[in-house]
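Have a look at the structure below, then the notes.
Read-outs throughout are calculated quantities, based only on the coordinates presented, and are distinct from any laboratory measurement. Note that the structure is predicted; figures quoted are calculated from it, not measured. All Cβ positions, even for glycine, are placed from backbone atoms using ideal geometry, and neighbour counts span all protein chains on display.
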Amino acid sequence: MGPPEGHLLQRNTVASHESALKAHRQNVVRREHNRQLRSKLRNALRSIRALIDEDDFTKAKTELKGTISLIDRMVTKGAIHRNAAARYKSRLQARVVATAAPKAEAPKAAAKKSAK
């Protein structure tokens with residue numbers, strides 16, 4: 001009894017040797033695992049971008065730490081390229097800092113106005 005109809009491991013490949021069949025099975029499992037990892041990464045990026053858009057600096061800053069850790073794990077697992085990871089981290093950090101910058105400048109602007 002083989003895999004159910006439409007299942008990823010169903011034999012509908014060109015491979016005919018045992019080693020090629022095994023390589024195909026391994027590839028299917030790895031592909032599914034990588035899909036799940038990339039989906040988790042995309043969800044994390046989407047949630048932190050939403051926090052940044054809502055100007056929720058404190059939540060974005062705490063979420064950033066976990067997201068950066070997740071990005072680094074994706075690199076070590078080979079799900080994304082290290083340069084892509086560096087690009088994600090750099091852009092996220094820049095956006096979080098830019099979100100915090102207007103709040104930090106507001107007290108300074110008020111102090112300048114009161115000094116004049």
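One decimal place: the segment Arg91-Ser16 gains 22.3 nm when fully extended, by the rule 0.36 nm per residue minus the C-alpha distance. Taking a sphere under 12 Å around the Cβ of Leu51 and counting the other residues whose Cβ falls inside, with K and R at +1 and D and E at -1, yields a net charge of 0. Applying both filters, DSSP loop and at most 14 other Cβ atoms within 10 Å, to the GluC sites (Glu not before Pro) of the stretch 25-69 gives Glu54. Using all pairs of distinct alpha-carbon atoms, the Kirkwood hydrodynamic radius of the stretch 18-115 works out to 15.8 angstrom.
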